[in-house]
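Input: a single structure, listed below in structure tokens.
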Amino acid sequence: MSLPDVLAGIIFLALNAYALLGGADFGGGVWDLMARGPRKERQRELIADAIGPVWEANHVWLILAVVLLFTAFPPAFARLGTLLHIPLSLVLIGIVLRGSAFTFWRYGSHGDEEQRHWGVTFAVASLITPLLLGTTAGAIAAGAVGDGGATREGFYGTYVAPWLTPFTLSVGLFALIAFAFLAAVYLTFEASERELREDFRRRALGAGVALFVAAALALFLSRAHAPLVRDALIFAAWAVPLHLLTGAAALAALAALWFRRWRLARVAAAAQVSLILWGWALSQHPYILPPDLTIAAAAAPAVTLRLALGALALGAVVLLPSLYYLFRVFKGSRRPVVPHDA
Amino acid sequence: MPDLLAARSQMGVSLAFHIVFAVIGIAMPLMMVVAERRWQVTGHAIYLDLAKRWAKGTAILFAVGAVSGTVLSFELGLLWPGFMQFAGAIIGMPFSLEGFAFFTEAIFLGIYLYGWDRISRRAHLWAGVAVAVSGAASGVFVVIANAWMNAPTGFDLVTGQAVNVDPIAAMGNAAALSQTLHMTLAAYAATGFAVAGIHASLLLKDPANAFHRRALGIALLVGGPAAVLQPISGDLSARHLAVHQPVKLAAAEALFRTRAGAPLSLGGWPDMAARQTRFAVEIPYGLSLLAFHDPRAEVLGLDAVSPDEWPNVPAVHLSFQVMVALGTYLAVVALWAGCLAWRRADLAHQRWLMRAIALATPLGFLAVEAGWMVTELGRQPWVIYGVLKTRDAVTPMPGLVVPFLTFTLLYCFLGVIVVWLLYRQIIRSPAVPEWRGFYMPGGGKRDAGGQA
Ligand code: HDD
Ligand code: HEM
Ligand code: HEM
């Protein structure tokens, strides 16, 4: 594996972490929007409590991916910013609204009408942002960010049409459902009351089934719109083992939910979504932006890559224990509360 | 609106918005930690209350800082793909380090804000320290990236391409030290005075309120020394400019002609047609003295380069004057308060001092904005000084006025809401009757678990 490959892999790993953690925060917003039944308010409380302490940290995975991308692969970053200006700007608006609305909602005054407006803004932004993020990812897979050259004409043809296709939208839908699925699975684990658990178990099972449908739809549409990725996903040597693994993880997640093995469900669902992401990454290797820009061609000089790798190693020494601590404090088994004079 | 202007305006608006929250994110954690530490040492619950109230405000501001910063990191590619393509490999390094600093900051902020009842007191204080340190570090790293745009090094330019890239040398660029020092001090000065100002205006109505008295003390402790040091560090910046970015200094001083023994112009308006600065108060030899510490030194004027390489002189000059005037004011007020405190006067009853501090509430932030206008506008028409023109860095996408207006509206909306939320918190705080006239006799172990 070459140095550029290693860095591309790390960037993708950061995106993977963002999908599993930040994605679930978005998914939480979706369930906030769809909260109903007698425990509506308690569902919302659970979601907010689950997101509160960690969303900033979860969000930084995206930033890490972005800064590493422009450090290690500047031409790819420049091209993404140019051709996907519109969807990325919309993603940003979604991120801004979601993050700030969540905080205003949590920290504003409590229990009034205004509070609920922020809740709604948070939830709607949580719905739209994953759709657009998925669409952007779909556009990359479909080769829309390739060097289209003279084939693109006019504003619409250059800046809109490439990323607005049935395939990209189906990937958007897939991302939305995947995030909602993850969130529901995690919430079954975090809820401390039985009824709330059951609420989210039902939602998780539903989302898990919907995820199958969305994946099938995206695969079907990829025939016409993303041939490169599709061919690899079907014919490459790694394709069959990967599909088997993904399928096994998916079934394990659903079975674990069914039998109420919450911890196992969490692991299996995370594995399922990660495997799907890595399937995408492998299928477009060695291209960073198919169909023409390879990882090697987009890479910054070796010295930059080596330094970035060094910084990553150094950062990991600080970060991983800190992250572990954060999740242990807030996401571990529910320890008795320590009063602060302890 | 031309696309280039729209892109520049969008970048400017985004940065001007973000910098407010960034500055607060650097300095507020320090103040929270000081308050919490005092609580732990003295046992006075008032400090705990203070730390918690500040933390609550900081949580709101930090979230807005995080999302607006995210917008910025994308905007580098959305608006300036040419710049990023050229510069990414060279200055990606500080940005990556900044990424790690953000990570640490976000992790420990989560622990700090939500962990009051979950971890030990000592661990909680250390979480606060980690937030304060990583906040300052992230500011330093990003300013190093900006300093490189002003004083690019660490590569060779061969037919428009950067070769022999050396990211470490790029980080050690000539502007890095003066800019990071000046920016970090600015963060403490601006935030310290903003917080001090708010509490001072409340003390004007109620000088006995112990809550505001303690808050004022801590805010001045953080803001005061920084404000006194700021003119000295600004002088360092100006001397850097004189050597490395003479056009920016000439624009800041509205010095049209190169001359030895150049005077310092205070105020005045650059008349671009006549190429001279009107209505300025001139201090003979002042500029030569400031820039080179030698009254006879020659200072380059705008005539050293052709007019199409001039920045917008009136804007840069005005911004510079505003920053220096505000900086002088803050330093004087800080010294005044320092003298009184040294003589053990009761600051809260010094009505004129309280008025002066109250007036200073927004001034540090204005100085920060003005200073960045000097730096960024003064670098034009270059995005990388002497290497890449801004117009060659902009995205080819047309219609940029639409995103510019959209993001501007979004920021206006957010700004109004943040101000409103904070205002509600602040008007609520003096109504805390339990702290009125509460002078806290020493030693009393009044611990407060409540007030969550
Ligand atoms: C509280 C804020 C504040 C205060 C009181 C001052 N400044 Fe400042 N100044 C900044 C906040 C700032 C800043 C916003 O932080 C800048 C923008 C870029 C930078 O590094 O710092 C800046 C830039 C800046 C520059 C341009 C540096 C460059 O482009 O590399 C100069 C020459 C000065 N300042 C000089 C001064 C002087 C002589 C001051 C005397 C009173 C002063 N500043 C007070
Ligand atoms: C480290 C930090 C910064 C980086 C990397 C950065 C980068 C850039 C870039 C790439 C541009 C566009 C090209 C140009 O017009 O020069 C720009 C413009 C601009 N930036 Fe900065 N900037 C930084 C800090 C700031 C801050 C903190 C502010 C403001 C408060 C600021 C204010 C502006 C303004 C006003 C413009 C528009 C320039 C113009 O209209 O001439 N910058 N910056
Ligand atoms: C001189 C200018 C700048 C300073 C001093 C500064 C400093 C900071 C600080 C202290 C934070 C912590 C969050 C907060 O306090 O609200 C922050 C957040 C952030 N900044 Fe800036 N920043 C500057 C300019 C920029 C620029 C030009 C970029 C883009 C490349 C950027 C990207 C970010 C990002 C992505 C975050 C969010 C981090 C998180 O989620 O915690 N900043 N900035």
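When the accessible area of chain B is split by element with a 1.4 Å probe, what percent falls to carbon and sulfur? Exposed carbon and sulfur together represent 67 percent of the surface. Sorting A:70-77, B:392-399 by average packing, meaning the other beta carbons within 10 Å per residue, from highest down gives A:70-77, B:392-399. Between B:Thr406 and B:Tyr423, the modelled labels are 2.9 nm apart [label points 7 Å from Cα along Cα→Cβ].
What the Cβ-Cβ distance of B:Leu340 and B:His293 gives, at R0 = 41 Å and to the nearest 0.05, is a FRET efficiency of 0.80. The mean number of partner chain beta-carbon atoms within 10 angstrom of a residue's beta-carbon across peptide A:87-98 is 5. Scanning chain B for long hydrophobic helices, with DSSP H runs required to stretch 30 angstrom or more by C-alpha along their axis and to average at least -1.0 on the Kyte-Doolittle scale, returns B:3-42, B:45-79, B:81-114, B:121-150, B:176-205, B:210-244, B:313-342, B:401-428.
The accessible-area loss of the stretch B:382-417 on complex formation, taken against its chain alone with a 1.4 Å probe, reaches 50 Å² or more at B:Met397, B:Phe407, B:Leu410.
The mean count of C-beta atoms from other chains within 10 Å of the C-beta of residues in B:160-167, rounded to a whole number, is 3. Size descriptors for the stretch A:204-342 (Cα atoms only): Rg and Dmax, in that order, 20.3, 64 Å.
With the highest mean first, a sort of the peptides B:165-173, B:140-148 on other beta-carbon atoms found within 10 angstrom per residue produces B:140-148, B:165-173. Across peptide A:312-319, the mean count of Cβ atoms from other chains lying within 10 Å of each residue's own Cβ comes to 3.
Peptides B:77-85, A:2-10, A:171-179, ordered by how many other C-beta atoms sit within 10 Å of their residues on average, highest first, read A:171-179, B:77-85, A:2-10.
Counting only protein heavy atoms and a 1.4 Å probe, the protein assembly as shown has 40 square angstrom of accessible area per residue. Annotation: A:Trp258 carries an accessible surface of approximately 150 Å², with a 1.4 Å probe and no ligand, DNA or RNA atoms counted. Distance between the pseudo-spin-label points of A:Arg194 and B:Asp303 (7 Å out from Cα toward the beta carbon): 9.1 nm.
Amide H contacts of B:Asn209: B:Gly437, each under 5 Å away and 5 or more positions distant or on a separate chain (H built 1.01 Å from N in the peptide plane; Pro and chain starts excluded). Leaving out ligands, DNA and RNA, what percent of the accessible area of the stretch A:3-331 is carbon and sulfur, probe 1.4 Å? Result for the stretch A:3-331: 71 percent of the exposed heavy-atom area is carbon or sulfur.
Interface B-A: total buried accessible area of about 6200 Å², 1.4 Å probe, protein heavy atoms only. Figure legend: label point modelled 7 angstrom from the Cα of A:Arg223 along Cα→Cβ; residues of the stretch A:161-203 with amide N under 15 Å from it are A:167. Estimated from helices alone, the mean residue ellipticity of chain A at 222 nm is -26000 deg cm²/dmol (sum of -39500 (n - 2.57) over DSSP H runs with n ≥ 4, per residue).
Once both labels are positioned 7 Å from their Cα atoms along Cα-to-Cβ, the gap between B:Phe413 and B:Trp269 label points is 3.8 nm.
The alpha-carbon of B:Lys248 sits under 19 angstrom from the alpha-carbons of these lysines, leaving out residues fewer than 8 places away in its chain: B:Lys389.
Estimated at the nearest 10 Å², the accessible area of B:Cys339 is 80 Å² with a 1.4 Å probe.
Within the stretch A:1-43, the trypsin sites (Lys or Arg not before Pro) that combine a DSSP coil assignment with at most 14 other C-beta atoms in a 10 angstrom radius are A:Arg36. Taking all protein chains together and rolling a 1.4 Å probe, B:Lys248 ends up with roughly 10 Å² accessible. For the set B:Arg37, A:Arg266, the ranking by accessible area, highest first and with no ligand, DNA or RNA atoms included, is B:Arg37, A:Arg266 under a 1.4 Å probe. Computed over the alpha-carbon pairs of the stretch A:3-331, the distance histogram in 20 Å steps reads 31, 59, 10, 0 percent, short to long. Membrane-span-like helices in chain A (whole DSSP H runs, Cα extent of at least 24 Å along the helix axis, mean Kyte-Doolittle hydropathy of at least 1.6): A:166-190, A:239-258. When the square roots of the Cα gyration tensor eigenvalues are ordered a ≥ b ≥ c, the ratio a/c for the protein assembly as shown is 1.5 or more and a/b does not exceed b/c, which makes its shape oblate.
Annotation: the stretch B:296-401 has a Kirkwood hydrodynamic radius of 17.2 angstrom, from the mean reciprocal C-alpha pair distance.
The values are calculated or read from the model by the stated rules, or taken from the named source; none is laboratory data. Being a predicted model, the structure only gives us computed values, none of them experimental. Note that each Cβ is placed from the backbone with ideal geometry, even for glycine, and that neighbours are counted across all protein chains shown. For the accessible areas, the whole protein counts, side chains as well, though only heavy atoms, and no ligand, DNA or RNA atoms are used. Shrake-Rupley method; radii C 1.70, N 1.55, O 1.52, S 1.80 Å.
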